[in-house]
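**Q** Before I ask anything, let me first share the structure, which is written out below as structure tokens.
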Amino acid sequence: MVFDKEQLSQVIIDGGIGQQTVMQFKNLKRNHGINPDKFNFIAPKGVDIIGN
């Protein structure tokens, strides 16, 4: 993980056989609320939900 001024900017994953995946994050908004109409999570059957 790479941070820029305490903000996550990259995640680098080394595949172990010379492959590398780099994910870059730009224009992040921390703790930005999600409109409930745009996010709907349904836990799969048999999953225990702990807390809210």
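A short reminder: the numbers here are calculations on the coordinates, not readings from a lab. These numbers come from a predicted model, not from an experiment. Reconstructed Cβ throughout: ideal geometry from the backbone, glycine too, with neighbour counts over all protein chains shown.
**Q** Can you tell me the length gained on complete extension of the stretch Met1 to Val47, counting 0.36 nm per residue apart and subtracting the Cα distance?
**A** 13.6 nm
**Q** Pulled fully out, how much extra length does the chain show between Ile12 and Asn40, if you take 0.36 nm times their separation in residues and subtract their Cα-Cα distance?
**A** Additional length available on full extension: 7.2 nm.
**Q** Just check the chain against the gyration tensor rule for me: Cα atoms, a ≥ b ≥ c as the square roots of the eigenvalues, rounded for a/c under 1.5, and otherwise prolate or oblate depending on whether a/b exceeds b/c.
**A** In terms of gyration-tensor shape, oblate.
**Q** Among Asn31, Leu8, Gln20, whose Cα projects farthest towards the positive end of the dipole of the chain, with charges put on the beta-carbon of Lys, Arg (+1) and Asp, Glu (-1)?
**A** The Cα lying farthest towards the positive end belongs to Asn31.
**Q** Find the lysine pairs in the chain meeting two conditions, Cα atoms under 28 Å apart and a separation of 8 or more places or different chains, and report how many there are.
**A** The number of close lysine pairs in the chain is 4.
**Q** What dipole magnitude, in Debye to the nearest 20, does the chain give about its Cα centre under +1 on Lys/Arg Cβ and -1 on Asp/Glu Cβ?
**A** The calculation lands at about 200 debye.
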